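Values quoted throughout were computed directly from the atomic coordinates according to the rules given, and no laboratory measurement underlies them. Because the structure is predicted, anything quoted here is derived from the model rather than measured. Cβ: placed from backbone, ideal geometry, glycine included. Neighbour counts: every protein chain shown.
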Amino acid sequence: MNKYIIVAMVPLLFQSCFVAKKYERPTVSTEKLFRTDELPKDSISFGSVSYQDIFTDSYLKTYIQKGLENNLDIRIAIQNIEAANAYVKKGKLAYAPTLNITGTGTRNAEISKNSQFGSIFSTPYNDFDIYGTLSWEADIWGKIRSGKRATNASFLQTVAAHQAVKTSLVSQIASAYYQLLALDEQILITQETIKNRQKSLETIKALKEAGQENQVAVDQTAAQLYSAQSQLLDLKNSLFQAENSLSILLGEEPQEYERSTIQEQSITSDMQLGVPALLLRNRPDVVQAEYGLINTFELTNVAKSAFYPSITLSATAGLSSLKAENWFDAGSLYANLVGGLTQPIFNGRAVRTAYEVAKTNQENALLMFKKTLLNAGQEVSNALYDYNINVEKEAYLAKQVHALKRAEENSEELLNSGYLTYLDLLTARESALTAELSLIDNKYNQLAATVELYRSLGGGWK
């Protein structure tokens, strides 16, 4: 009896040396993640709002929905979730015993007389067996429990990865759509400029024939027209490629897409940053990085448990007979029960190496988690500053366009009065066109910065 008590207490003594630790989120500072003059105190983040409520353009919302359904990266991420879910199902049965059924038929044609059975069997014999083996390992050190948690964390990591793909996809589709609208507007402005320059070329040719202008003025006007026509081709080429890029995001063949205008675009939600700590649950890549940390933490528990003995119980029962006709007789039945305890002593440093590698992987996962969080804060700061700069810049660009348009009109009047050369007028026209195109670029940059801020706060996957 004392021997049995000692054997029963040995696992408990070992357990006092090691119990699988529970994961606790590492201490990370989030207060200064956003580089802004005023620390956000909002309990709700701009990134928590559904894209359906953020974007007002019906075409854009339709394309986003289509992309979420058809995009190939989304579908790949879903397949990764399915694979991870299969491991989760396996992990749920980790505590259950294993059962194997084996059937054998053996013909012993020649028996060594010097062997164990040679003295018993003098002639060849047959041996028919069918048996089942049931085995179970006691999870004393929490190895199975930690392995199950690691598998669950891996699954949730793939779910977060899927959400990250959705967040990125929504922002990419929105940016691509806004780029199309900006190019549409720039093409319209350039086409209108080409019409005006064609009229100017006709006028200057008529003045040359009347002896009021020279060939230099004609050539300069023609060169400016050709420049605008060349610029129009570049814009059309950019538009064509932008539509093809959008088609890839939507998971369909390249085609032309219906759309509204850039003047109709607006963002309905207030761009609240929310407190930086919200990134820990809103931003999918941060969540993904933390689940990666949890996975490595639990695998470290598993690796550490290998230093301690494993206790297994196994039972075997079946039928064995030398003759097939006696196979199912009561006399053919046999069974045994085995309990085992295995303590690793010397295994070529395999256990310690596995533990050291697991610890290193855990430290790497922790560093990656902190890096991902810092990158998230940087992206929020950059997007917010970019938006504010472009809003401020818009006022100056609008004034510049107005001033250059007025300079162009005045240049024509002064040219007719003989106070300016035709080159001065051409310069004023070229500057006015460049400023108008820059104003459209600024409008696009504002929209793109808004989309980037939405993405960097974790918006788009809800």
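Only loop residues by DSSP count here, and only those with at most 13 other Cβ atoms within 10 Å; note down the chymotrypsin sites (Phe, Trp or Tyr not before Pro) in region 336-399 that meet that.
Here the chymotrypsin sites (Phe, Trp or Tyr not before Pro) that fit, given the DSSP loop and packing criteria, are Phe346.
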Rg(Cα) / (2.2 N^0.38 Å) computed for region 178-250, rounded to two decimals: 1.51
The chain - charge dipole about Cα centre, Lys and Arg +1 at Cβ, Asp and Glu -1, debye rounded to 20: 2860
Nitroxide proxy distance, nm - points 7 Å out along Cα→Cβ at Lys370 and Lys32: 1.5
Simple label model, 7 Å out from Cα along Cβ direction - Leu333 to Glu409, nm: 10.9
Compactness index (Cα Rg / 2.2 N^0.38 Å), region 58-108: 2.33
Anisotropy class of region 143-229 from Cα gyration tensor, a/c 1.5 cut: prolate
For region 325-409, convex hull volume per residue from C-alpha positions, Å³: 370
Quotient of C-alpha Rg and 2.2 N^0.38 Å, computed over region 279-343: 2.30
Computed FRET value (nearest 0.05) for Tyr396 with Leu188, which takes r as the C-beta separation and R₀ as 30 Å: 0.85
Debye log10 I(q)/I(0) at q = 0.19, 0.22 Å⁻¹ for region 370-462, Cα point scatterers: -0.85, -0.98
Region 279-370: trypsin sites (Lys or Arg not before Pro) in DSSP loop, at most 13 other beta carbons within 10 Å: Lys323, Arg349
For Asn410, net neighbour charge (Lys/Arg +1, Asp/Glu -1) across residues whose Cβ lies under 13 Å away: -2
For Leu180, net neighbour charge (Lys/Arg +1, Asp/Glu -1) across residues whose Cβ lies under 9 Å away: -1
Those lysines that a straight Cα-Cα span of less than 16 Å connects to Lys205, excepting residues fewer than 8 apart in one chain: Lys195
Tilt relative to the chain, helix 284-305 - C-alpha long axis, 0 to 90 degrees, to 10: 20
Which of Gly318, Gln220, Gly251, positive extreme of dipole for the chain (C-beta unit charges): Gly318
Fully extended contour minus Cα-Cα distance, from Glu69 to Gln241, at 0.36 nm per residue: 59.7 nm
Pairwise Cα inverse-distance average, inverted: Kirkwood Rh of region 265-313 (Å): 14.7
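How would you order 59-67, 153-161 from highest to lowest mean count of nearby Cβ atoms within 10 Å? Each step should come with its number before you reach the end.
Values: 59-67: 18.8, 153-161: 20.7.
In descending order of packing, they fall as 153-161, 59-67.
Kindly flag which residue pairs out of Lys199/Lys405; Lys90/Lys462; Lys148/Lys370 have an alpha-carbon separation exceeding 23 Å in this structure.
Lys90/Lys462; Lys148/Lys370
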Cα coordinate range in the chain, projected on the principal axes (Å, largest first): 133, 55, 40
Local electrostatic count, Tyr226, Cβ distance below 11 Å [Lys/Arg +1, Asp/Glu -1]: 0
